[in-house]
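S.K.: Sharing a structure here in structure tokens format.
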Amino acid sequence: MLSENDSRVLKAISDGQTDPQSIADSLSMKIEAVRASADALGEQGLVEVAKSVEETVSLTEEGRKYAQEGLPERKLLQSIGEGLSMSDLKDPGAKIALGWLKKKGWASIEKGVLKPSGPAERGPDEELLEILLKGSASAADLNRDALAQLRGRSLITSNAAKSWRYQVTSEGRAASSQIAGTAAETISSPSSAMIKWGEWDGAQVRFEGKLYQVRSYDVTLPADRIYPGKRHPYQRLIDHMRQIMLEMGFTEIKGQIVQSSFWNFDALFQPQDHPAREMQDTFYLESQAEIPEYSRVKEMHECGGDVGSTGWGGIWSPEVARQEVLRTHTTSVTIKYLADHPEPPVKAFGIDRVYRREAIDATHTPEFEQLEGIIMDKDVTFRHLLGVLREFYAKMGFEEVRFRPGYFPYTEPSVEPEVFIDGLGWVELGGAGVFRKEVTAPFGIEHPVLAWGLGVSRVAMLKLGLKDLRDLYQSDIQWLRETPVSLRM
């Protein structure tokens, strides 16, 4: 049973139309719809579909110039006469022409003199240039060797055009005659009224004085796979993390990508000669930033202030602190937020991109996302921090969590949370700790600050089953299609 479009296209082909464009014009249909109907008719053996690809060739701008003026090797040959000293070849373009002269055997070099080798017959490449100067031509009608030579010299360009030709089969002609002999209008699906009150005879139904032929369907045929639009798996993971943090009562904060060394390092009590500040770890900019009043930070670095610390010693330089960098961690945003909000309670988080000078490989990229959270309140303790981390990782789907002692310049005590992954064992997923008084005291923060962060991309690799971090950013269309939206985050 044919649809109305299929029937119309079959009738047009039976009447002798062979080109999809002419059929589309005569039936006021889109050419894509004509091709689809013709392909369906071909599968049923009613039409023979012949598809072909024709390559047409035309001259590039340089090729047109040489077709009009002559190839460089021909012009050079004409200019050397009986011979020309190689030292007199001043034009840089002559070196290319010289190579083709030798390749074609038109000239040779004897004792530093370029001499003709004899008659230089007109070659197939020159003949082809003359043909194409009149207009584009089918590649099938042209000399293959000459085509390859001119294509290698970027003197021609080609364009592949697809064409379709249709021819009705004997079965198709019979089917077309049968369609022409019936007054039934073909429909894709009957209405509910037709089903209830129509007069049915097999696949035909008479309804409200008209006869309809209902198209049949083979429900066993596989349907085309559809790939709907969806968010990138990595973005879905980030959104999931954000939702967890918001549900736990955190407020999201944002900050600038470009930070002063003051907020990125000094405010976090990292000494100015710390290895993390070196060029191999940090993207330094040529610009300088304005920094806040720094006397208490300077005092803390040099002698430990009044918190019982010895500091780092040496001389703290405000010029070093003013140098701008691409932030190496989101903690630079966190400490700035705390400095602006020194009174409890504070419960904030951020998910943002950070930048470090890393060689790109399967587990490292120079930019990546980091999630960071802080809690500042009266009487919060290290045990509260561990409880929050367990809760977060549980909501992320990690059932087994443990904590290993760690070291970070701006927290004490410090831990590294680890989760258990089947097949991998214990995997470290970030760092956490309580901000040292050397960090908080210069900004008038008098209560404990719990802080933690993790690399989002590492979590993504575990959740999405990736072996190479770069897959998150290369947008492999096949991987994007096959990663289910329902994947548990």
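S.K.: Report yes if some residue within region 117-124 is under 28 Å from ALA160 (Cα atoms) and in the same structural domain as GLY152 (by TED's automatic domain parsing); otherwise report no.
M.R.: Yes: one or more hits.
S.K.: Can you tell me how many residues in region 354-391 are part of a loop (DSSP other than H, G, I, E, B) and under 19 Å from PHE403 (Cβ atoms)?
M.R.: Total satisfying the criteria: 2.
S.K.: Given (1) over 28 Å from the mean Cα position of the chain (by Cα); (2) assigned to a loop (DSSP other than H, G, I, E, B), where does GLY255 come up short, assuming only one miss?
M.R.: Looking at each condition in turn, GLY255 falls short on (1).
S.K.: Being touching a helix residue (DSSP H, G or I) at 6+ places or on another chain (Cβ under 9 Å), under 30 Å from PRO345 (Cβ atoms), surrounded by 17 or more Cβ atoms within 10 Å (Cβ to Cβ) and not hydrophobic (A, V, I, L, M, F, W, C), is that true of even one residue in region 447-455?
M.R.: Yes, region 447-455 contains at least one residue that is touching a helix residue (DSSP H, G or I) at 6+ places or on another chain (Cβ under 9 Å), under 30 Å from PRO345 (Cβ atoms), surrounded by 17 or more Cβ atoms within 10 Å (Cβ to Cβ) and not hydrophobic (A, V, I, L, M, F, W, C).
S.K.: May I pose another question? Quick check, is ARG353 in the same structural domain as GLY373 (by TED's automatic domain parsing), closer than 30 Å to THR251 by Cβ and touching a Phe, Trp or Tyr at 6+ places or on another chain (Cβ under 9 Å)?
M.R.: yes
S.K.: Answer yes or no as to whether PHE398 is touching a strand residue (DSSP E or B) at 6+ places or on another chain (Cβ under 9 Å), crowded, with 20+ Cβ neighbours inside 10 Å and either assigned to a loop (DSSP other than H, G, I, E, B) or charged (D, E, K, R) (or both).
M.R.: yes
S.K.: Look at region 1-38 and say how many of its residues are buried (at least 17 other Cβ atoms within 10 Å of the Cβ), within 42 Å of the chain's Cα centre (by Cα) and of a type in the set (D, E, K, R).
M.R.: 2
Residues are listed down the side, and each one gets a yes or a no for (1) within 30 Å of ASP19 (Cα to Cα); (2) crowded, with 16+ Cβ neighbours inside 10 Å; (3) modelled with pLDDT of 85 or more:
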site	(1), (2), (3)
GLU61	no, no, yes
TYR66	no, yes, yes
LYS104	no, yes, yes
ALA140	yes, no, no
ALA148	no, no, yes
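S.K.: On the basis of being in contact with a strand residue (DSSP E or B) (Cβ under 8 Å, 6 or more places away or on another chain) and surrounded by fewer than 19 Cβ atoms within 10 Å (Cβ to Cβ), does PRO405 make the cut?
M.R.: For PRO405, the condition - in contact with a strand residue (DSSP E or B) (Cβ under 8 Å, 6 or more places away or on another chain) and surrounded by fewer than 19 Cβ atoms within 10 Å (Cβ to Cβ) - is met.
S.K.: Let me ask you something else. With the requirement that a residue be hydroxyl-bearing (Ser, Thr, Tyr) and part of a loop (DSSP other than H, G, I, E, B), what does region 221-252 give you?
M.R.: TYR227 - this is the single residue of region 221-252 that is hydroxyl-bearing (Ser, Thr, Tyr) and part of a loop (DSSP other than H, G, I, E, B).
S.K.: I'm trying to understand the selection: among the residues of region 1-53, which are in contact (Cβ under 8 Å) with a residue 40 or more places away in the chain, within 28 Å of SER138 (Cα to Cα) and among the charged types (D, E, K, R)?
M.R.: Correct list: ASP19, ARG35, GLU48, LYS51.
S.K.: Something else: Scan region 307-353 for residues that are under 34 Å from the mean Cα position of the chain (by Cα) and assigned to a loop (DSSP other than H, G, I, E, B) and jot them down.
M.R.: If the condition is that a residue be under 34 Å from the mean Cα position of the chain (by Cα) and assigned to a loop (DSSP other than H, G, I, E, B), then ARG327, THR328, HIS329, THR330 are the ones that fit.
S.K.: Quick test of your reading of the structure: ALA94 fulfils all but one of (1) in contact with a helix residue (DSSP H, G or I) (Cβ under 9 Å, 6 or more places away or on another chain); (2) of a type in the set (Gly, Ala, Ser); (3) under 30 Å from GLU54 (Cα atoms). Name the failing condition by number.
M.R.: Every listed condition holds for ALA94 apart from (3).
S.K.: Could you tell me which of the residues LEU429, LEU424 is under 33 Å from the mean Cα position of the chain (by Cα), at pLDDT below 95, within 27 Å of LYS254 (Cβ to Cβ) and among the hydrophobic types (A, V, I, L, M, F, W, C)?
M.R.: Answer to the selection: LEU429.
S.K.: While we're looking at this one, here's another question. Among the strands (runs of 3 or more DSSP E) lying completely within region 83-177, list those that include at least 2 residues that are on the phi < 0 side of the Ramachandran plot and touching a Gly at 6+ places or on another chain (Cβ under 7 Å).
M.R.: 113-116
The values are calculated or read from the model by the stated rules, or taken from the named source; none is laboratory data. The structure displayed is predicted, hence computed values, not measured ones. Don't worry about glycine lacking a Cβ; one is built from the backbone with ideal geometry, like all the others, and counts go over all protein chains shown.
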